[in-house]
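Written out below as structure tokens is the structure these notes cover.
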Number of protein chains: 2
Amino acid sequence: MIYPELLQKMISFYKKLPGVGDKSAERMALATLELKKEDISDFSKALLESKEKLHSCQICGHLTENDICNICSDTTRDKNLICVIEDYKSVFSFEKVGNYHGVYHVLNGLISPMDSIGPEDINISSLVKRVESLEDSELILALKSTIEGETTTLYIKKIFEKKNVTISRLSYGIPIGAEIDYLDIITLDKALEDRKKISE
Amino acid sequence: MIYPELLQKMISFYKKLPGVGDKSAERMALATLELKKEDISDFSKALLESKEKLHSCQICGHLTENDICNICSDTTRDKNLICVIEDYKSVFSFEKVGNYHGVYHVLNGLISPMDSIGPEDINISSLVKRVESLEDSELILALKSTIEGETTTLYIKKIFEKKNVTISRLSYGIPIGAEIDYLDIITLDKALEDRKKISE
């Protein structure tokens, strides 16, 4: 064994993380040895607590330490505007943008007949209940443009078809800063189809 | 605050590690939440213990959980062949090669007048004592080729000049697989100077 046992344990742990190979894991473990004792004990505590205390928000399914997440319990947010997402990781992305003042609904998966995941396997019934309790709401479907994402989008659209709900999806188009020459043809096709008039 | 507190704590910790930026730290913290409970508690324990239990070997200064490291206590290794290195991280590199059957001496620094680090600030006196207890020994100086490394190499060479000790250094030359066209001139100069006869 090349490493002392404790160091080997740390290296093995770091290697489980995404994007961390042998060399980086070694570097990270050695750097860990040089960190302050309080940083290490804080992190060690957070690690253990995270498994116990972090769970889904009872309303939207986002990650939280409480029964109801910060976003759902924020009285300044528009509860009638619900952004529907695949998993809670997307919440962080939207929150970083900082412009969105509605709330979220985490489906915790997408409908995928190939993997035998049906509508009952993801958080759709809780979405229906949630929307029924509102008078006038808008659902923004922010799901990826794969077969599973499209299937789920269509399914949700159909459920709410005859109800008093506005359904929208994120716009498709050219990412900011992208070179048009290198864009894939499907994106370019969508950007053409969804073009926006800018003259009066 | 975008993240739940516990997640934020994990992200902040990961960001202290080398080569980990905002985005990777987030990815790593989110991946951590999906790891098995036992992996997390093992790691958390190893983290805390590492600060308490890992220290320098009393003989060579390498990282160990015991008084004497695995290498120094290995009876099959040649105790008369000592590879002198700047810090214990080099031990792992040499051990990975797997061809070296001597032992090590970790200087824990290099002589650097610019930073007021003198010979008494690094583990040179313990090296002298160690060599004095041996009858016939060889020191391999494996220090980097910076001013500090060269100064330390010269200093150690001088100390042992009139003693019964063979002193060698690692060879300089072309790294395996390197393109000669792109090699820096100093390395090329050294490779020329240290050339090895291959004809009979």
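The values are calculated or read from the model by the stated rules, or taken from the named source; none is laboratory data. Quantities reported herein were computed from a predicted structural model and do not represent experimental measurements. When we count neighbours, we look across all protein chains shown, and the Cβ atoms used for this are built from the backbone with ideal geometry, even at glycine.
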Of the residues in the stretch B:48-81 that are touching a Phe, Trp or Tyr at 6+ places or on another chain (Cβ under 7 Å) and among the hydrophobic types (A, V, I, L, M, F, W, C), the one that is farthest from A:Lys16 (Cα to Cα) is B:Cys60
Of the residues A:Glu5, A:Glu38, only one is farther than 17 Å from B:Ala25 by Cβ and within 7 Å of another protein chain (Cβ to nearest Cβ); which? A:Glu5
I need the full set of residues from the stretch A:147-200 which are at pLDDT 90 or above and either more than 22 Å from A:Val131 (Cβ to Cβ) or of a type in the set (Asp, Glu) (or both), in order please. A:Ile147, A:Glu148, A:Glu150
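Among the listed residues B:Glu193, B:Glu138, identify the single one that is in contact (Cβ under 8 Å) with a residue 24 or more places away in the chain, over 24 Å from B:Pro113 (Cα atoms) and among the charged types (D, E, K, R). Before the answer, list the steps.
Numbers: B:Glu193 fails: in contact (Cβ under 8 Å) with a residue 24 or more places away in the chain.
Result of the check over B:Glu193, B:Glu138: B:Glu138.
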So, in the stretch B:99-130, how many residues would count as being of a type in the set (A, V, I, L, M, F, W, C) and out of contact with any Gly (no Cβ under 7 Å at 6 or more places or on another chain)? 6
Name the helices (runs of 4 or more DSSP H) wholly within the stretch A:1-103 that hold at least 3 residues that are among the charged types (D, E, K, R), within 30 Å of A:Leu154 (Cα to Cα) and modelled with pLDDT under 95? A:89-97
Can you pull out the residues in the stretch B:23-62 that are hydroxyl-bearing (Ser, Thr, Tyr) and farther than 30 Å from B:Asn80 by Cβ? B:Ser24, B:Thr32, B:Ser41, B:Ser44, B:Ser50
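To keep it simple, each residue is scored yes or no on (1) in contact with a Cys (Cβ under 6 Å, 6 or more places away or on another chain); (2) surrounded by fewer than 16 Cβ atoms within 10 Å (Cβ to Cβ); (3) under 26 Å from A:Leu7 (Cα atoms).
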| site | (1), (2), (3) |
| --- | --- |
| B:Ser73 | no, yes, yes |
| B:Glu86 | no, no, yes |
| B:Leu110 | no, no, yes |
| B:Leu154 | no, yes, no |
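Restricting attention to the stretch B:112-131, report how many residues are assigned to a loop (DSSP other than H, G, I, E, B) and touching a strand residue (DSSP E or B) at 6+ places or on another chain (Cβ under 6 Å).
Step one: filter the stretch B:112-131 for residues assigned to a loop (DSSP other than H, G, I, E, B), giving B:116, B:118, B:122-124.
Then drop every residue that is not touching a strand residue (DSSP E or B) at 6+ places or on another chain (Cβ under 6 Å), which leaves none.
Going through the stretch B:112-131 one residue at a time, the tally reaches 0.
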Take A:Lys36 and decide whether it is in the same structural domain as A:Ile147 (by TED's automatic domain parsing) and among the basic types (Lys, Arg). no
